[in-house]
Amino acid sequence: MAEEVGTGRRHVAIFANPLQGQALPALAVIEELVRRGYRVTYATSSEVAARLALTEATEGRWDVVGFLDDSVSPISLARGYFADDLPDLVVYDSSAVEVARAAAETWDGLPDPDFVDARFGEFLTRFGLAFLPEKPSLYRVVPGRVVAY
């Protein structure tokens, strides 16, 4: 999807390793984000990425990359993969929180203040996902929902 870099479409990176969790919630979120016009990159395990590629599940509408199960350096791989196309928003589940946070800490300015509102945050948390950077002054994450302050 490199041809879409700079087109103005918001880029969302989703970090989720279904070897430790469920793949279906992330796929449901991806499909909804694509339907809403976002450009999505799903960072997952190499096995899940290969299966999705073989089944052509992405149908060219979103990208999938597998490196979360790399025991040597998944954080370096994440930083390298997104170096030329930083996401506007990083979304993660509990299986990938360490990699998502460590990779995103070097990405300045994510997201812009208007990207995540309470409604969008609630949509993500319905599927067990959170976003970076966390906005503790604006939201309180409660299991199953986000509450605006």
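The values are calculated or read from the model by the stated rules, or taken from the named source; none is laboratory data. The structure presented is a predicted model; accordingly, all values stated were derived computationally and were not measured. Positions of Cβ are backbone-derived with ideal geometry, glycine not excepted, and every protein chain shown enters the neighbour counts.
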In region 33-69, which residues are of a type in the set (Ser, Thr, Tyr) and in a loop (DSSP other than H, G, I, E, B)?
Tyr38, Ser45, Thr58
How many residues does region 86-100 hold that are modelled with pLDDT of 90 or more and among the charged types (D, E, K, R)?
1
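Have a look at Thr106, Thr125 and point out the one that is at pLDDT 65 or above, hydroxyl-bearing (Ser, Thr, Tyr) and under 26 Å from Arg35 (Cα atoms).
Of Thr106, Thr125, the one residue that is at pLDDT 65 or above, hydroxyl-bearing (Ser, Thr, Tyr) and under 26 Å from Arg35 (Cα atoms) is Thr125.
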Got a number for residues in region 50-90 being in contact (Cβ under 8 Å) with a residue 40 or more places away in the chain, of a type in the set (A, V, I, L, M) and more than 24 Å from Phe115 (Cα to Cα)?
1
For the subset of region 1-57 comprising residues that are on the phi < 0 side of the Ramachandran plot and among the acidic types (Asp, Glu), which member is modelled with the lowest pLDDT?
Glu3
State whether the residues of region 93-102 include one that is of a type in the set (Ser, Thr, Tyr) and closer than 11 Å to Phe15 by Cα.
yes
Based on this model, can you work out whether Ala83 counts as modelled with pLDDT of 80 or more and either on the phi > 0 side of the Ramachandran plot or surrounded by 20 or more Cβ atoms within 10 Å (Cβ to Cβ) (or both)?
no
Checking Tyr149 against (1) hydroxyl-bearing (Ser, Thr, Tyr); (2) at pLDDT below 60; (3) touching a strand residue (DSSP E or B) at 6+ places or on another chain (Cβ under 6 Å), the condition it does not meet:
(3)
